[in-house]
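Encoded as C-alpha coordinates, the structure appears first; notes follow it.
The values are calculated or read from the model by the stated rules, or taken from the named source; none is laboratory data. Keep in mind it's a predicted model, so treat the numbers as computed, not measured. Virtual Cβ from ideal backbone geometry, glycine too; neighbours counted across all protein chains shown.
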Amino acid sequence: MLSTFCAPSRYVQGRNATQQLGTEMKKIGLAGPVFIIAGSHAAELLSQDWKRSFDEVGFKFEVLKFGGECSLNEIHRCKEAASKFGAKTIVGAGGGKVLDTARAVAAEINAGIVNCPTLASSDAPCSALSVVYTDEGQFAEYKFYPRNPELVLVDSSIVAKGPARLLVAGMGDALATWFEAKTVVEAKKRNQVGGATTLAGEALAALCYETLLEDGVAALHAVRSQVVTPALERLIEANTLLSGLGFESGGLAVAHSVHNGLTTVHETHNYYHGEKVAFGLLVQLVLEGKTSSVINEVIDFSMSVGLPICLRDLGIYNPSKALCMQIAERATAPGETAHNEPFSVTADMVADAIQVADSIGREYKIEEEEGAKELCMALS
Ligand SMILES: [Zn+2]
(Lines give C-alpha, C1' and ligand atoms only; values in the text may rest on other atoms or scores of the structure.)
Protein backbone atom coordinates (compact mmCIF):
# COMPACT_ATOMS: atom_id res chain seq x y z
CA MET A 1 0.00 0.00 0.00
CA LEU A 2 1.54 3.31 -1.07
CA SER A 3 1.24 6.37 1.14
CA THR A 4 -0.99 8.88 -0.65
CA PHE A 5 -1.72 12.56 -0.07
CA CYS A 6 -3.98 14.60 -2.36
CA ALA A 7 -5.05 18.23 -2.42
CA PRO A 8 -6.37 20.96 -4.71
CA SER A 9 -3.64 22.52 -6.91
CA ARG A 10 -4.20 25.88 -5.23
CA TYR A 11 -6.17 27.19 -2.25
CA VAL A 12 -6.89 30.92 -1.92
CA GLN A 13 -8.84 32.57 0.90
CA GLY A 14 -9.52 36.08 2.16
CA ARG A 15 -11.69 39.16 2.33
CA ASN A 16 -13.24 40.00 -1.09
CA ALA A 17 -11.30 37.13 -2.71
CA THR A 18 -13.87 36.95 -5.55
CA GLN A 19 -12.52 40.22 -6.94
CA GLN A 20 -9.31 38.33 -7.77
CA LEU A 21 -10.90 35.17 -9.16
CA GLY A 22 -9.87 35.85 -12.77
CA THR A 23 -6.28 36.72 -11.86
CA GLU A 24 -5.93 33.66 -9.62
CA MET A 25 -7.24 31.41 -12.41
CA LYS A 26 -4.85 32.93 -14.93
CA LYS A 27 -1.88 32.41 -12.58
CA ILE A 28 -2.34 28.64 -12.69
CA GLY A 29 -3.06 28.47 -16.41
CA LEU A 30 -6.84 28.15 -16.34
CA ALA A 31 -8.53 29.80 -19.31
CA GLY A 32 -11.90 31.11 -20.48
CA PRO A 33 -14.61 30.79 -21.60
CA VAL A 34 -15.72 30.34 -17.99
CA PHE A 35 -19.04 28.72 -17.20
CA ILE A 36 -20.31 29.53 -13.69
CA ILE A 37 -22.86 27.30 -11.98
CA ALA A 38 -24.18 29.38 -9.09
CA GLY A 39 -26.61 29.10 -6.20
CA SER A 40 -29.13 31.96 -6.22
CA HIS A 41 -27.58 33.62 -3.15
CA ALA A 42 -24.08 33.47 -4.69
CA ALA A 43 -25.32 34.88 -8.02
CA GLU A 44 -26.99 37.76 -6.23
CA LEU A 45 -23.95 38.65 -4.11
CA LEU A 46 -21.15 38.01 -6.60
CA SER A 47 -22.33 38.89 -10.14
CA GLN A 48 -20.67 42.30 -10.20
CA ASP A 49 -17.36 40.96 -8.85
CA TRP A 50 -17.37 38.21 -11.50
CA LYS A 51 -17.91 40.72 -14.29
CA ARG A 52 -15.14 43.02 -13.11
CA SER A 53 -12.71 40.20 -12.41
CA PHE A 54 -13.22 38.32 -15.70
CA ASP A 55 -13.25 41.53 -17.79
CA GLU A 56 -9.86 42.34 -16.28
CA VAL A 57 -8.29 39.14 -17.62
CA GLY A 58 -10.36 39.01 -20.81
CA PHE A 59 -12.29 35.78 -20.00
CA LYS A 60 -15.72 35.38 -21.58
CA PHE A 61 -18.18 34.03 -19.00
CA GLU A 62 -21.76 32.94 -18.51
CA VAL A 63 -23.75 32.23 -15.33
CA LEU A 64 -26.30 29.42 -14.98
CA LYS A 65 -28.50 29.31 -11.87
CA PHE A 66 -28.34 25.98 -10.08
CA GLY A 67 -31.60 23.97 -10.09
CA GLY A 68 -31.41 22.96 -6.41
CA GLU A 69 -30.37 19.28 -6.48
CA CYS A 70 -27.14 17.55 -7.49
CA SER A 71 -28.94 14.88 -9.56
CA LEU A 72 -28.04 13.16 -12.83
CA ASN A 73 -30.69 15.27 -14.62
CA GLU A 74 -29.29 18.52 -13.23
CA ILE A 75 -25.71 17.50 -14.08
CA HIS A 76 -26.90 16.73 -17.63
CA ARG A 77 -28.70 20.09 -17.95
CA CYS A 78 -25.64 22.04 -16.77
CA LYS A 79 -23.31 19.96 -18.95
CA GLU A 80 -25.36 20.68 -22.10
CA ALA A 81 -25.32 24.43 -21.38
CA ALA A 82 -21.58 24.43 -20.58
CA SER A 83 -20.72 22.50 -23.77
CA LYS A 84 -22.86 24.83 -25.89
CA PHE A 85 -20.99 27.78 -24.41
CA GLY A 86 -17.65 26.12 -25.21
CA ALA A 87 -16.53 26.27 -21.56
CA LYS A 88 -12.85 25.60 -20.84
CA THR A 89 -13.27 26.12 -17.07
CA ILE A 90 -16.25 25.45 -14.79
CA VAL A 91 -16.71 27.53 -11.65
CA GLY A 92 -19.06 26.27 -8.94
CA ALA A 93 -20.18 29.01 -6.53
CA GLY A 94 -22.47 28.31 -3.59
CA GLY A 95 -23.19 25.50 -1.13
CA GLY A 96 -22.07 21.87 -1.28
CA LYS A 97 -24.58 20.66 -3.85
CA VAL A 98 -23.65 23.42 -6.32
CA LEU A 99 -19.95 22.53 -5.99
CA ASP A 100 -20.68 18.80 -6.38
CA THR A 101 -22.64 19.49 -9.59
CA ALA A 102 -19.92 21.76 -10.97
CA ARG A 103 -17.26 19.09 -10.29
CA ALA A 104 -19.35 16.46 -12.09
CA VAL A 105 -19.87 18.72 -15.13
CA ALA A 106 -16.17 19.62 -15.34
CA ALA A 107 -15.20 15.94 -15.18
CA GLU A 108 -17.66 15.01 -17.93
CA ILE A 109 -16.51 17.68 -20.41
CA ASN A 110 -12.89 17.51 -19.27
CA ALA A 111 -12.75 21.20 -18.28
CA GLY A 112 -10.82 22.85 -15.44
CA ILE A 113 -12.69 23.14 -12.15
CA VAL A 114 -12.77 25.98 -9.63
CA ASN A 115 -14.75 25.72 -6.38
CA CYS A 116 -15.93 28.88 -4.66
CA PRO A 117 -17.77 27.81 -1.48
CA THR A 118 -19.95 30.56 0.00
CA LEU A 119 -20.24 28.73 3.35
CA ALA A 120 -17.72 26.97 5.59
CA SER A 121 -20.26 24.27 6.39
CA SER A 122 -18.42 21.10 5.38
CA ASP A 123 -15.10 19.64 4.29
CA ALA A 124 -16.27 18.95 0.71
CA PRO A 125 -14.88 21.88 -1.38
CA CYS A 126 -11.30 20.55 -1.62
CA SER A 127 -12.23 16.94 -2.37
CA ALA A 128 -12.35 14.91 -5.58
CA LEU A 129 -15.83 13.43 -5.30
CA SER A 130 -19.51 14.36 -5.64
CA VAL A 131 -22.52 13.06 -3.75
CA VAL A 132 -25.30 12.51 -6.28
CA TYR A 133 -28.99 12.45 -5.30
CA THR A 134 -32.22 11.58 -7.11
CA ASP A 135 -34.37 14.54 -8.25
CA GLU A 136 -36.40 13.95 -5.07
CA GLY A 137 -33.31 14.33 -2.84
CA GLN A 138 -32.60 10.69 -1.91
CA PHE A 139 -28.95 9.63 -1.82
CA ALA A 140 -28.06 7.87 -5.12
CA GLU A 141 -24.28 7.44 -5.52
CA TYR A 142 -20.78 8.83 -5.04
CA LYS A 143 -18.88 9.94 -8.14
CA PHE A 144 -15.09 9.87 -7.77
CA TYR A 145 -12.78 11.92 -9.98
CA PRO A 146 -9.12 11.40 -10.82
CA ARG A 147 -8.16 14.96 -9.78
CA ASN A 148 -8.92 17.39 -6.94
CA PRO A 149 -10.08 20.89 -7.97
CA GLU A 150 -7.51 23.09 -9.72
CA LEU A 151 -8.47 26.02 -7.53
CA VAL A 152 -10.52 26.48 -4.35
CA LEU A 153 -11.21 30.16 -3.68
CA VAL A 154 -12.98 31.14 -0.46
CA ASP A 155 -14.28 34.69 -0.09
CA SER A 156 -14.31 35.26 3.70
CA SER A 157 -16.58 38.33 3.37
CA ILE A 158 -19.28 36.08 1.88
CA VAL A 159 -18.80 33.29 4.46
CA ALA A 160 -19.10 35.92 7.23
CA LYS A 161 -22.59 36.76 5.95
CA GLY A 162 -23.76 33.13 6.00
CA PRO A 163 -25.93 31.53 8.71
CA ALA A 164 -24.08 30.91 12.01
CA ARG A 165 -25.61 27.44 12.34
CA LEU A 166 -23.95 26.32 9.09
CA LEU A 167 -20.54 27.53 10.25
CA VAL A 168 -21.08 25.53 13.46
CA ALA A 169 -22.12 22.47 11.41
CA GLY A 170 -18.80 22.83 9.54
CA MET A 171 -17.04 22.79 12.93
CA GLY A 172 -18.84 19.52 13.74
CA ASP A 173 -17.51 17.93 10.56
CA ALA A 174 -14.02 19.30 11.31
CA LEU A 175 -14.15 18.22 14.98
CA ALA A 176 -14.10 14.55 13.98
CA THR A 177 -11.28 14.89 11.42
CA TRP A 178 -8.35 14.47 13.81
CA PHE A 179 -9.90 11.61 15.82
CA GLU A 180 -10.89 9.70 12.68
CA ALA A 181 -7.51 10.23 10.99
CA LYS A 182 -5.66 9.15 14.15
CA THR A 183 -7.71 5.95 14.28
CA VAL A 184 -6.92 5.17 10.62
CA VAL A 185 -3.21 5.83 11.24
CA GLU A 186 -3.15 3.59 14.33
CA ALA A 187 -5.08 0.84 12.57
CA LYS A 188 -2.85 1.14 9.46
CA LYS A 189 -6.00 1.23 7.29
CA ARG A 190 -6.55 3.03 3.99
CA ASN A 191 -7.45 6.71 3.70
CA GLN A 192 -10.34 7.96 1.51
CA VAL A 193 -8.25 7.77 -1.66
CA GLY A 194 -7.21 4.18 -1.00
CA GLY A 195 -3.63 4.80 0.14
CA ALA A 196 -1.78 4.62 3.42
CA THR A 197 -1.71 7.86 5.41
CA THR A 198 1.15 10.38 5.36
CA LEU A 199 2.67 12.48 8.13
CA ALA A 200 1.29 15.51 6.27
CA GLY A 201 -2.31 14.24 6.39
CA GLU A 202 -1.95 13.42 10.09
CA ALA A 203 -0.38 16.79 10.97
CA LEU A 204 -3.06 18.78 9.12
CA ALA A 205 -5.81 16.83 10.89
CA ALA A 206 -4.22 17.59 14.28
CA LEU A 207 -3.91 21.28 13.40
CA CYS A 208 -7.57 21.26 12.40
CA TYR A 209 -8.60 20.17 15.94
CA GLU A 210 -6.26 22.67 17.66
CA THR A 211 -7.64 25.51 15.52
CA LEU A 212 -11.24 24.66 16.39
CA LEU A 213 -10.50 24.70 20.12
CA GLU A 214 -8.62 28.00 19.82
CA ASP A 215 -10.84 29.90 17.41
CA GLY A 216 -14.27 28.24 17.23
CA VAL A 217 -16.10 30.48 19.70
CA ALA A 218 -14.48 33.71 18.47
CA ALA A 219 -15.28 32.82 14.87
CA LEU A 220 -18.89 32.20 15.78
CA HIS A 221 -19.10 35.70 17.27
CA ALA A 222 -17.68 37.13 14.03
CA VAL A 223 -20.32 35.41 11.88
CA ARG A 224 -23.09 36.49 14.25
CA SER A 225 -21.93 40.08 13.63
CA GLN A 226 -21.36 39.29 9.90
CA VAL A 227 -17.77 40.52 10.03
CA VAL A 228 -14.37 39.09 9.10
CA THR A 229 -11.78 38.70 11.90
CA PRO A 230 -8.44 36.83 12.04
CA ALA A 231 -10.13 34.14 14.18
CA LEU A 232 -12.83 33.66 11.52
CA GLU A 233 -10.17 33.41 8.79
CA ARG A 234 -8.36 30.67 10.74
CA LEU A 235 -11.60 28.84 11.45
CA ILE A 236 -12.69 28.96 7.78
CA GLU A 237 -9.32 27.44 6.89
CA ALA A 238 -9.83 24.70 9.51
CA ASN A 239 -13.37 23.86 8.30
CA THR A 240 -12.51 23.96 4.61
CA LEU A 241 -8.83 23.21 3.93
CA LEU A 242 -7.53 21.38 7.03
CA SER A 243 -10.66 19.28 7.49
CA GLY A 244 -10.87 18.63 3.72
CA LEU A 245 -7.29 17.42 3.39
CA GLY A 246 -7.43 15.74 6.80
CA PHE A 247 -10.44 13.57 5.96
CA GLU A 248 -9.46 12.68 2.40
CA SER A 249 -5.80 11.90 3.05
CA GLY A 250 -6.20 10.98 6.74
CA GLY A 251 -9.28 8.79 6.50
CA LEU A 252 -12.63 8.29 8.22
CA ALA A 253 -13.80 5.96 10.99
CA VAL A 254 -16.82 5.42 13.29
CA ALA A 255 -17.94 9.08 13.53
CA HIS A 256 -18.92 9.28 9.86
CA SER A 257 -20.46 5.78 9.92
CA VAL A 258 -22.69 6.78 12.82
CA HIS A 259 -23.65 9.84 10.79
CA ASN A 260 -24.75 7.49 7.99
CA GLY A 261 -26.68 5.42 10.52
CA LEU A 262 -28.42 8.54 11.88
CA THR A 263 -29.64 9.45 8.36
CA THR A 264 -31.92 6.35 8.53
CA VAL A 265 -33.88 8.04 11.35
CA HIS A 266 -36.54 10.41 10.08
CA GLU A 267 -36.26 12.78 13.08
CA THR A 268 -32.68 13.71 12.14
CA HIS A 269 -33.50 14.94 8.63
CA ASN A 270 -33.60 18.59 9.62
CA TYR A 271 -30.08 18.41 11.05
CA TYR A 272 -26.92 19.09 9.06
CA HIS A 273 -24.16 16.63 8.16
CA GLY A 274 -21.66 18.13 10.62
CA GLU A 275 -24.21 18.16 13.46
CA LYS A 276 -24.69 14.40 13.09
CA VAL A 277 -20.93 13.82 12.73
CA ALA A 278 -20.34 15.68 16.04
CA PHE A 279 -22.53 13.18 17.92
CA GLY A 280 -21.00 10.33 15.87
CA LEU A 281 -17.62 11.42 17.23
CA LEU A 282 -18.77 11.00 20.84
CA VAL A 283 -19.90 7.48 19.94
CA GLN A 284 -16.48 6.78 18.42
CA LEU A 285 -14.67 8.04 21.54
CA VAL A 286 -16.82 5.85 23.81
CA LEU A 287 -16.33 2.84 21.53
CA GLU A 288 -12.57 3.36 21.51
CA GLY A 289 -12.54 3.53 25.32
CA LYS A 290 -11.10 7.04 25.46
CA THR A 291 -10.62 8.61 28.90
CA SER A 292 -13.17 11.05 30.27
CA SER A 293 -10.69 13.92 29.94
CA VAL A 294 -10.62 13.40 26.13
CA ILE A 295 -14.40 13.03 25.95
CA ASN A 296 -15.00 16.05 28.19
CA GLU A 297 -12.73 18.26 26.09
CA VAL A 298 -14.79 17.42 22.99
CA ILE A 299 -18.11 17.90 24.82
CA ASP A 300 -16.97 21.22 26.30
CA PHE A 301 -16.13 22.46 22.82
CA SER A 302 -19.42 21.23 21.35
CA MET A 303 -21.38 22.94 24.12
CA SER A 304 -19.46 26.19 23.63
CA VAL A 305 -20.52 26.50 19.99
CA GLY A 306 -23.89 24.72 20.17
CA LEU A 307 -23.13 21.35 18.56
CA PRO A 308 -25.26 18.30 19.49
CA ILE A 309 -23.98 16.18 22.39
CA CYS A 310 -26.93 13.80 22.80
CA LEU A 311 -29.65 12.25 20.64
CA ARG A 312 -32.23 14.75 21.88
CA ASP A 313 -30.11 17.49 20.26
CA LEU A 314 -30.75 15.67 16.94
CA GLY A 315 -34.51 15.47 17.37
CA ILE A 316 -34.58 11.92 18.84
CA TYR A 317 -36.46 12.25 22.15
CA ASN A 318 -37.08 8.60 23.03
CA PRO A 319 -34.18 6.52 21.79
CA SER A 320 -35.22 2.88 22.22
CA LYS A 321 -32.70 0.02 22.15
CA ALA A 322 -34.18 -1.01 18.77
CA LEU A 323 -33.57 2.44 17.33
CA CYS A 324 -29.94 2.47 18.54
CA MET A 325 -29.55 -0.95 16.91
CA GLN A 326 -31.03 0.36 13.64
CA ILE A 327 -28.47 3.19 13.59
CA ALA A 328 -25.66 0.78 14.55
CA GLU A 329 -26.55 -1.74 11.85
CA ARG A 330 -26.39 0.89 9.13
CA ALA A 331 -23.17 2.23 10.65
CA THR A 332 -21.51 -1.19 10.46
CA ALA A 333 -22.77 -2.21 6.98
CA PRO A 334 -20.05 -3.70 4.75
CA GLY A 335 -17.78 -1.01 3.30
CA GLU A 336 -18.54 1.46 6.12
CA THR A 337 -15.60 3.37 7.58
CA ALA A 338 -16.51 1.98 11.04
CA HIS A 339 -14.36 -0.96 9.95
CA ASN A 340 -11.29 1.29 9.93
CA GLU A 341 -10.88 0.84 13.70
CA PRO A 342 -7.83 -1.18 14.87
CA PHE A 343 -10.24 -3.84 16.27
CA SER A 344 -13.28 -5.48 14.67
CA VAL A 345 -16.48 -3.49 15.19
CA THR A 346 -19.94 -5.06 15.48
CA ALA A 347 -23.41 -3.49 15.48
CA ASP A 348 -23.86 -4.53 19.16
CA MET A 349 -20.74 -2.60 20.15
CA VAL A 350 -21.87 0.52 18.27
CA ALA A 351 -25.42 0.33 19.67
CA ASP A 352 -24.00 0.15 23.23
CA ALA A 353 -21.65 3.08 22.55
CA ILE A 354 -24.57 5.15 21.17
CA GLN A 355 -26.52 4.64 24.41
CA VAL A 356 -23.54 5.53 26.58
CA ALA A 357 -22.60 8.61 24.51
CA ASP A 358 -26.22 9.78 24.72
CA SER A 359 -26.26 9.24 28.48
CA ILE A 360 -22.98 11.14 28.98
CA GLY A 361 -24.28 14.04 26.88
CA ARG A 362 -27.61 14.25 28.74
CA GLU A 363 -25.89 14.06 32.14
CA TYR A 364 -23.54 16.84 31.08
CA LYS A 365 -26.48 19.08 30.18
CA ILE A 366 -28.18 18.46 33.53
CA GLU A 367 -24.97 19.34 35.39
CA GLU A 368 -24.60 22.52 33.33
CA GLU A 369 -28.17 23.56 34.14
CA GLU A 370 -27.71 22.85 37.85
CA GLY A 371 -24.46 24.82 37.86
CA ALA A 372 -26.23 27.77 36.22
CA LYS A 373 -29.07 27.59 38.76
CA GLU A 374 -26.63 27.56 41.70
CA LEU A 375 -24.82 30.54 40.22
CA CYS A 376 -28.12 32.44 39.86
CA MET A 377 -29.04 31.66 43.49
CA ALA A 378 -25.60 32.74 44.73
CA LEU A 379 -25.91 36.01 42.84
CA SER A 380 -29.46 36.77 43.99
ZN1 LIG B 1 -17.99 14.92 6.68
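A Cβ distance below 9 Å, combined with a sequence gap of six or more or placement on separate chains, defines the contacts here; from the stretch 342-360, residues that are among the charged types (D, E, K, R) reach residues that are modelled with pLDDT under 95 in the pairs ASP358/PRO319. Look at SER83 and say whether it is polar (S, T, N, Q), modelled with pLDDT under 90, in the same structural domain as LEU72 (by TED's automatic domain parsing) and not in a strand (DSSP E or B). Criteria not met by SER83. A Cβ distance below 7 Å, combined with a sequence gap of six or more or placement on separate chains, defines the contacts here; from the stretch 261-284, residues that are more than 16 Å from GLY137 (Cβ to Cβ) and of a type in the set (Asp, Glu) reach residues that are within 15 Å of the ligand (Cβ to nearest atom) and at pLDDT 95 or above in the pairs GLU275/ALA169; GLU275/GLY172; GLU275/LEU307; GLU275/PRO308. Any chance the stretch 104-114 includes a residue that's within 16 Å of the ligand (Cβ to nearest atom), closer than 30 Å to ARG224 by Cα and either at pLDDT 95 or above or not aromatic (Phe, Trp, Tyr) (or both)? Taking every residue of the stretch 104-114 in turn, none turns out to be within 16 Å of the ligand (Cβ to nearest atom), closer than 30 Å to ARG224 by Cα and either at pLDDT 95 or above or not aromatic (Phe, Trp, Tyr) (or both).
All conditions but one from (1) in a loop (DSSP other than H, G, I, E, B); (2) surrounded by fewer than 17 Cβ atoms within 10 Å (Cβ to Cβ); (3) within 16 Å of the ligand (Cβ to nearest atom) apply to ASP123; the one that does not is (2).
Residue by residue, here is whether (1) part of a helix (DSSP H, G or I); (2) away from the ligand (no atom under 16 Å from the Cβ); (3) more than 23 Å from LEU167 (Cβ to Cβ) holds:
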{"residue": "VAL258", "(1), (2), (3)": "yes, no, no"}
{"residue": "PHE279", "(1), (2), (3)": "yes, no, no"}
{"residue": "VAL283", "(1), (2), (3)": "yes, no, yes"}
{"residue": "SER302", "(1), (2), (3)": "yes, no, no"}
{"residue": "PRO319", "(1), (2), (3)": "no, yes, yes"}
{"residue": "MET325", "(1), (2), (3)": "yes, yes, yes"}
{"residue": "ALA338", "(1), (2), (3)": "yes, no, yes"}
{"residue": "ARG362", "(1), (2), (3)": "yes, yes, yes"}
{"residue": "GLU367", "(1), (2), (3)": "yes, yes, yes"}
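Residue-level check: of (1) in contact with an Asp or Glu (Cβ under 7 Å, 6 or more places away or on another chain); (2) within 28 Å of GLN226 (Cβ to Cβ); (3) surrounded by 14 or more Cβ atoms within 10 Å (Cβ to Cβ), LYS65 misses just (1).
ARG147 satisfies every condition listed in (1) touching a residue at least 40 places away in the same chain (Cβ under 8 Å); (2) surrounded by fewer than 24 Cβ atoms within 10 Å (Cβ to Cβ); (3) not aliphatic (A, V, I, L, M) except (1).
This table checks each residue for (1) farther than 16 Å from GLU288 by Cβ; (2) surrounded by 12 or more Cβ atoms within 10 Å (Cβ to Cβ).
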residue: ALA322; (1), (2): yes, no
residue: GLU329; (1), (2): yes, yes
residue: PRO342; (1), (2): no, yes
residue: ALA353; (1), (2): no, yes
residue: LYS365; (1), (2): yes, yes
residue: GLY371; (1), (2): yes, no
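Taking the stated definitions as given, is GLY251 within 13 Å of the ligand (Cβ to nearest atom), of a type outside the set (Ser, Thr, Tyr) and closer than 23 Å to ASN115 by Cα? Criteria met by GLY251.
The set of residues from the stretch 198-248 being away from the ligand (no atom under 15 Å from the Cβ), polar (S, T, N, Q) and buried (at least 19 other Cβ atoms within 10 Å of the Cβ) comprises just one member, THR211.
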